[in-house]
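Written below as structure tokens is the structure these notes are about.
Here, each number is a calculation from the coordinates, and none is a lab measurement. For clarity, every value in this text was computed on a predicted model and none was experimentally measured. Heads up, the Cβs are rebuilt from the backbone with ideal geometry, glycines too, and the neighbour counts pull from every protein chain shown.
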């Protein structure tokens with residue numbers, strides 16, 4: 001008969017629970033993540049690397065609303081929500097430009113119905129240029145009916 005612990009001694013002795021954490025899987029996962037970040041980090045930088053000059057210009061006021069000039073299908077002209085005639089427009093634009101004297105010209109959004117004659121839109125653009133309001137963006141609707149802003153001269 002083999003000499004080993006008696007069957008009663010095996011039952012009384014229990015195996016102690018393991019108190020150590022196996023860190024090998026954790027290290028494996030962290031190394032994989034490190035490699036992924038090292039490969040993808042250069043791809044996140046887009047555009048041409050340019051060192052921009054510093055200046056003391058004041059940040060654009062986010063609360064400042066742009067001025068909206070609208071021409072509807074009937075030919076009515078609106079400055080923001082107020083209807084104006086073509087004869088009143090130069091005076092109103094001069095007032096707007098004078099209020100911003102010494103500051104950057106305000107952003108102007110020009111919204112014109114597609115049925116409006118191009119000459120009418122051109123006259124409004126001419127008045128904006130004459131008043132010195134040259135930050136003009138033309139508002140259009142994309143194919144998905146989401147309004148978009150195109151262009152803009154500075």
FRET E, pair residue 115, residue 91, Förster distance 30 Å, beta-carbon r, rounded to 0.05: 0.65
Could you grab the relative contact order for region 67-150? Cα pairs under 8 Å, six or more apart, rounded to a whole percent. 30
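Over every pair of different alpha-carbon atoms in region 67-150, take the mean of 1/r and invert it; report that Kirkwood radius in Å.
Radius from the Kirkwood sum: 13.3 Å.
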7 Å from Cα along Cα→Cβ at both residue 73 and residue 139: what's the point-to-point distance in nm? 1.8
Full-extension gain between residue 44 and residue 101, please, as 0.36 nm times their residue separation minus the C-alpha to C-alpha distance. 16.4 nm
How many percent of DSSP beta bridges within region 67-150 run antiparallel, rounded to 5? 55
